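The next block holds one structure in the form of structure tokens; read it before the comments.
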Amino acid sequence: MVTALWLELDRQIPNGFRVQIGMAVELGRWQMPVPELLVVSAAAFHREEPSNYYAEDVSLAIEVVSPDSEERDRDTKPAKYAKARIPHYWRVERQDAAVVVYAYGLDPASNSYGLVGIFHDRLKVSVPFPIDIDLTDPGRKL
């Protein structure tokens, strides 16, 4: 699922951004979570040998929930990402055989995420940039 989502995001994101798989984000001292996917600025992506990114490099953090990461991906990580002011957070889950994406945007006044939408068949958003992904396409194996 992660690879298919990575490829589709990479195909659709505008110039100036890059999709990165499995890199740490430095949120603060001793806080370096590793989301499944990140959308970062192209400048950050092209830094000489980055071993991690900084919160200000990240436009979108994406976590794919598994049974052993449920609590972290639903509660712990979103709170930390919001506190670090990462503008967008998506949580991807399986419900039976279907893929569901929960998209969140940062409320800068409260430093917490508000729900942008829950997407079952098609992920179509305009922020952080226009994205349109068919979540039911069996060829993508999301």
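Read-outs: derived from the displayed coordinates by stated rules, not from any lab. Values in this document were obtained by computation on a predicted structure and should not be read as measured data. Methodologically, a virtual Cβ is constructed for each residue, glycine included, from the backbone with ideal geometry; neighbour enumeration extends over all protein chains shown.
Result for the chain in a Gaussian network model with C-alpha springs under 10 Å: among His88, His120, His46, the largest mean-square fluctuation is at His46. Full extension of the chain segment joining Ile118 with Ala79 gains 12.2 nm, where the gain is 0.36 nm per residue of separation less the Cα-Cα distance. Comparing mean-square fluctuations of Leu115, Leu38, Leu60 from a GNM of the chain with C-alpha springs under 10 Å, the top value falls on Leu115. This model, with +1 at the C-beta of Lys and Arg and -1 at the C-beta of Asp and Glu, gives the chain a dipole about its Cα centre of some 220 debye.
The GNM of the chain, with springs linking C-alpha atoms under 10 angstrom apart, assigns the highest mean-square fluctuation among Phe17, Phe129, Phe45 to Phe129. Phi-derived couplings, Karplus 6.51 cos²θ - 1.76 cosθ + 1.60 at θ = phi - 60°, listed residue by residue for the range 118-130: 10, 10, 9, 9, 9, 9, 10, 9, 10, 10, x, 6, x Hz, with x used for Gly and Pro. Working note: Karplus 6.51/-1.76/1.60 with θ = phi - 60° gives the range 57-62 the couplings 7, 9, 9, 8, 10, 10 Hz, where Gly and Pro are set to x. On a C-alpha basis, how far is the centre of the range 13-59 from the centre of the range 105-134 in Å? Whole number, if you could? The range 13-59 and the range 105-134 have Cα centres separated by 19 Å.
FRET efficiency for the Asp107 to Ile21 pair, using the beta carbon distance and R₀ = 41 Å, is estimated at 0.90.
DSSP bridge analysis restricted to the chain gives an antiparallel fraction near 80%, rounded to the nearest 5.
Applied to the range 19-33, the Karplus parametrisation 6.51 cos²θ - 1.76 cosθ + 1.60 on θ = phi - 60° returns per-residue 3J(HN,Hα) values of 9, 10, 9, x, 10, 6, 10, 7, 9, x, 4, 6, 10, 9, x Hz, with x for Gly and Pro.
Distance between the 7 Å Cα→Cβ label points at Asp96 and Val34: 3.4 nm. Between the amide H of Glu26 and those of Tyr53, Tyr54, Ala55, distances stay under 5 Å, these residues lying 5 or more places away or on another chain, with hydrogens modeled in the peptide plane.
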